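Taking it in order: structure first as structure tokens, then the write-up.
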Amino acid sequence: MRALLSRTAFRALCSILFLAVAATRVDTAAVDKEEEALKQQRVRMVRTQIERPPMGRRPVKNKRVLDTMRKVPRHLFVPLRERRYAHDDRPLSIGHGQTISQPYIVAFMTELLDPKPDHKVLEVGTGSGYQAAVLAELVSKVYTIEIIEALGKPAKERLEKLGYENVEVKVADGYHGWEEHAPFDSIIVTCAASHVPPPLIKQLKTGGKMCIPVGTVFGPQHLLIVTKQEDGTVRGKSVLPVRFVPLVGHDKPAERR
Ligand code: SAH
């Protein structure tokens, strides 16, 4: 009787174990399938919006930038309610009146910086942390500043959770840059300023590049690529009409002056 019971118990245990293993396999398979689908969405996003974009847009050619755009999980940087639109050809709301830029703009600005593996980069306007993650894949160190604490703190946690150990996030007014870690090989500003902030010019290496949207809140804005000359002055070139949320803080929006 005892032997019979234990045999029954053994069989029951085996069945439970079998079911548990099977369920885990089904779970893993479902996760793998979802990961693959997301990867395919990113591949399509890069092909149709960035590498071979609609007429009127300059294709992004830098292979490292394209590979990175295919790799970074953009859907994890947008709020849950926006997730299904994560790969759409447009900016998305990230709360607090701010937006994550359109995928093309992220890739375009990143290419303009000409990122190299040994570069140290400063970003002003962390937002969701997506642009910082893209840069972190391409350079050795990223310093990023966000003025809204309710965005900066979760972005820092998100980047940590995803394993981006080469990104440092600070909640502050990015107009003043990050003196302690200057000079930077390049600087990217992801909010529109009324002028190029002099502290950022100062913190850029000679020969370094800064990509910054300049203009007014409701008026025209232009994406500038600015290069620092030997004599400390900068030379800027307007590359694209754009629409960004304003840089606030020290550099108040023109309307509020
Ligand atoms: N790069 C972000 C998108 C940024 S949207 C991303 O990949 O998601 C622009 C961000 O700039 C907003 O989060 C806004 O709060 C921030 N910002 C505006 N003025 C700023 C300032 N003076 N210093 C730092 N961040 C600023």
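General remarks:
- Residue-by-residue Karplus 3J(HN,Hα) for region 187-193, coefficients 6.51, -1.76, 1.60, Hz, glycine and proline x: 9, 10, 10, 10, 9, 7, 9
- Residues of type lysines that Lys156 reaches as a straight line, Cα spacing below 27 Å, ignoring anything fewer than 8 places off in the same chain: Lys39, Lys71, Lys116, Lys120, Lys141, Lys170, Lys202, Lys205, Lys209, Lys252
- Directionally averaged projected area (region 120-257, Cα convex hull): 8.0 nm².
- With N as its number of residues, region 131-204 has a Cα radius of gyration that, divided by 2.2 N^0.38 Å, comes to 1.08.
- The antiparallel fraction among DSSP beta bridges confined to region 150-257 stands at about 70%.
- For Leu240 and Glu179, the FRET efficiency from 1/(1 + (r/R0)^6), where r spans their Cβ atoms and R0 equals 25 Å, is about 0.25.
- According to the Cα-based calculation, Rg over Rh for region 1-134 is 1.28, with Rh computed by the Kirkwood formula.
- Å³ per residue enclosed by the Cα convex hull of region 34-89: 78 Å³
- Springs between Cα atoms under 10 Å define the GNM used for the chain, and in it the highest mean-square fluctuation of Lys237, Lys228, Lys120 occurs at Lys237.
- Gain on full extension, evaluated as 0.36 nm per residue between Gln41 and Arg84 minus their Cα-Cα distance, stands at 14.4 nm.
- The Cα trace of the chain gives Rg and Dmax of 23.1, 95 Å, the first to one decimal, the second as a whole number.
- Sequentially through region 72-88, phi angles give Karplus couplings (6.51, -1.76, 1.60; θ = phi - 60°) of 5, x, 3, 4, 7, 9, 10, x, 3, 5, 9, 4, 5, 9, 3, 9, 5 Hz, Gly and Pro residues having no value and appearing as x.
- Between 0 and 90°, nearest 10: helix 149-161 axis offset from the chain longest Cα axis: 50 degrees
- Zone of Ala150's modelled label, taken as backbone nitrogen in region 95-139 under 14 Å from a point 7 Å along Cα→Cβ: 95-99
Read-outs throughout are calculated quantities, based only on the coordinates presented, and are distinct from any laboratory measurement. These numbers come from a predicted model, not from an experiment. Glycine also receives a Cβ, built like all others from the backbone with ideal geometry; neighbour counts cover every protein chain displayed.
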